[in-house]
Structures are given as C-alpha cells and as structure tokens.
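Scroll down for the structure; my scribbles are underneath it.
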Amino acid sequence: RKEVEQDPGPFNVPEGATVAFNCTYSNSASQSFFWYRQDCRKEPKLLMSVYSSGNEDGRFTAQLNRASQYISLLIRDSKLSDSATYLCVVNMMGYQKVTFGTGTKLQVIP
Amino acid sequence: GAGVSQSPSNKVTEKGKDVELRCDPISGHTALYWYRQSLGQGLEFLIYFQGNSAPDKSGLPSDRFSAERTGGSVSTLTIQRTQQEDSAVYLCASSRTPEQYFGPGTRLTVT
C-alpha cells in the first residue's frame, strides 16, 4: 500500500459546483498534513495546512479524520481558476521529510 | 522576501554528458529537498538535506545521481552520463517546518 494515495481524477465540474477530494495515508504516526496546488508546468505551492480541528480558508475547507486515516479538501463555488492538480502531503512528527501524493486533477468547466 | 531559486531554468544536453543543477534555498531554511517530475507524473523524491545531518539519499535512482549542499545553503544536483530517461523537471524545495517552498524548477531535456 502506498504511503499516501489520491484518486488521480480528473474531476470535471461546472463553475459554481462544490467538489471534494480525499487522500488516505498509511502511517498512523503521521502528524502534519497539507494540501498543495500545482498548476500545469508550474511548481507546487502550499494551499493550506490541515489541522486536527479542521480549517477553512475562504471557499476551501480541509478536514482530518485520524480514525480512518484520511484528509479531505472541499472547494465550494468552484472557479475556472481552481483548475489545477491538488497534492496531498503527509509528514511524521519529528521529521521534516514529507511524502507527496501523486495528486488529483481538477478541471472546472465554464 | 526572496523565494527558492533554481538555475538554469532550462537545460538541453546530449546523451552521455554530465549536468549540474543549482538550488538556492530560502535564507534560514535548514531543510532542502530535490524532486523530479516527469511530464504528467507526480513528484519523485530524490534526496533530502537537514542541517548538518547525513543526507537521505534513498530516492536517488542510480549512482549517476549525486547532490551536495555546501555551507548549509546552496545545493547542486549532478547527473553524470545523462540518459534520455533523465529528461524531466527537477524541483528543489526548502523548509524550516514541514511546509515546503518550491523553486520554479529546471527543465532538463536529454537529446
């Protein structure tokens, strides 16, 4: 089983839709979780950290479910500019080395 | 402030030649990472430097690949005797915490 798994998609959604991605991780000792966004032919950029209590940043909401070992990203009112690949990142406590998922591709359609 | 910078941005080389890719991390970031990304694929971890500790080289695909980090700052990734399958974007990232900040990458094309 991979350390971090994501559905590669693509998720094709109309503008204004709500879309959610999940990411599962295999190591129960994982402590830090992040979502990154990668635009086509660009470097990944940090979108948001995922806290135990969940967190929200505008139209984006991230949740952590430790019992089932997954994190989620919810995007409300999708914009064309949200089209990108979303990478899930997991880190174990005490280590700065992280593990990236292979990403979920989102295409928002006019 | 200044972000992570990489040079060159693009490199075209002939099969069999050696190449050096450079990464300047964000000042004060103790950790530095190299990744490789082939077209349409995910990030492939190559090597990780943390302070003065021995680097984690577990991701290097062959002994043709090596990396150095001098003075805890600038890093150089060297690929010897390049092969066509080495063609990819090579991304460098740095961090003080688990959150990583990426450079724009070097696009390597081996002809």
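The values are calculated or read from the model by the stated rules, or taken from the named source; none is laboratory data. Please read all numbers here as calculations on a predicted model, not as lab measurements. As a convention, Cβ positions derive from the backbone with ideal geometry for all residues, glycine included, and neighbour counts pool all protein chains shown.
Filter the range B:62-99 for residues that are charged (D, E, K, R) and assigned to a strand (DSSP E or B); which is surrounded by the most Cβ atoms within 10 Å (Cβ to Cβ)?
First pass over the range B:62-99, keeping only residues charged (D, E, K, R): B:63-64, B:68-69, B:81, B:85-86, B:96, B:99.
When the remaining residues are screened for being assigned to a strand (DSSP E or B), the result is B:68-69.
Working: B:E68: 13, B:R69: 20.
Within the range B:62-99, the match that is surrounded by the most Cβ atoms within 10 Å (Cβ to Cβ) is B:R69.
Return yes or no: is B:G42 more than 26 Å from B:G16 (Cβ to Cβ), free of Cβ contacts under 8 Å to residues at least 24 places away in the same chain and either aromatic (F, W, Y) or more than 14 Å from chain A (Cβ to nearest Cβ) (or both)?
When the stated conditions are applied, B:G42 does not pass them.
Kindly check whether there is at least one residue in the range A:45-55 that is assigned to a strand (DSSP E or B), over 14 Å from A:T102 (Cα atoms), of a type in the set (S, T, Y) and modelled with pLDDT of 95 or more.
Initially, the range A:45-55 is screened for residues assigned to a strand (DSSP E or B), giving A:45-50, A:55.
Filter once more, keeping what is over 14 Å from A:T102 (Cα atoms): A:45-50, A:55.
Still in the list and also of a type in the set (S, T, Y): A:49.
Still in the running and modelled with pLDDT of 95 or more: none.
Scanning the range A:45-55 turns up no residue that is assigned to a strand (DSSP E or B), over 14 Å from A:T102 (Cα atoms), of a type in the set (S, T, Y) and modelled with pLDDT of 95 or more.
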> Out of (1) more than 10 Å from every other protein chain (Cβ to nearest Cβ); (2) within 22 Å of A:V90 (Cα to Cα), the odd one out for B:L91 is which?
Replying inline: (1)
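Here is a list: A:I75, A:I71. Which entry is farther than 17 Å from B:A93 by Cβ and either in contact with a Cys (Cβ under 6 Å, 6 or more places away or on another chain) or facing another protein chain (nearest Cβ under 9 Å) (or both)? Outline the logic, then answer.
Values: A:I75 fails: either in contact with a Cys (Cβ under 6 Å, 6 or more places away or on another chain) or facing another protein chain (nearest Cβ under 9 Å) (or both).
Sole residue among the options that is farther than 17 Å from B:A93 by Cβ and either in contact with a Cys (Cβ under 6 Å, 6 or more places away or on another chain) or facing another protein chain (nearest Cβ under 9 Å) (or both): A:I71.
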>> Return the pair list, or none, for Cβ contacts closer than 6 Å from residues in the range A:23-44 that are within 11 Å of another protein chain (Cβ to nearest Cβ) to residues that are assigned to a loop (DSSP other than H, G, I, E, B) and modelled with pLDDT under 90, at least 6 apart or on different chains.
In response: A:Q31/A:M93; A:S32/B:P98
> Where residues in the range B:100-111 are of a type in the set (S, T, N, Q) and in a loop (DSSP other than H, G, I, E, B), which of them is farthest from the other protein chains (Cβ to nearest Cβ)?
Replying inline: B:T111
> Which residues, counting only those in the range B:1-47, are under 10 Å from the mean Cα position of the chain (by Cα), buried (at least 17 other Cβ atoms within 10 Å of the Cβ) and either of a type in the set (K, R) or not in a strand (DSSP E or B) (or both)?
Replying inline: B:R36
> Which one is surrounded by the fewest Cβ atoms within 10 Å (Cβ to Cβ) among residues in the range B:100-110 that are in contact with a Phe, Trp or Tyr (Cβ under 7 Å, 6 or more places away or on another chain) and of a type outside the set (S, T, Y)?
Replying inline: B:L108
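Quick one: would you say A:R59 is within 14 Å of chain B (Cβ to nearest Cβ), loosely packed, with under 14 Cβ neighbours inside 10 Å and free of Cβ contacts under 8 Å to residues at least 24 places away in the same chain? Step through it out loud before you land on a result.
Numbers: within 14 Å of chain B (Cβ to nearest Cβ): no; loosely packed, with under 14 Cβ neighbours inside 10 Å: yes; free of Cβ contacts under 8 Å to residues at least 24 places away in the same chain: yes.
Considered against the rule, which asks whether it is within 14 Å of chain B (Cβ to nearest Cβ), loosely packed, with under 14 Cβ neighbours inside 10 Å and free of Cβ contacts under 8 Å to residues at least 24 places away in the same chain, A:R59 comes out as no.
May I ask you to verify whether A:N65 is farther than 22 Å from B:S95 by Cα and not charged (D, E, K, R)? Outline the logic, then answer.
Numbers: farther than 22 Å from B:S95 by Cα: yes; not charged (D, E, K, R): yes.
For A:N65, the condition - farther than 22 Å from B:S95 by Cα and not charged (D, E, K, R) - is met.
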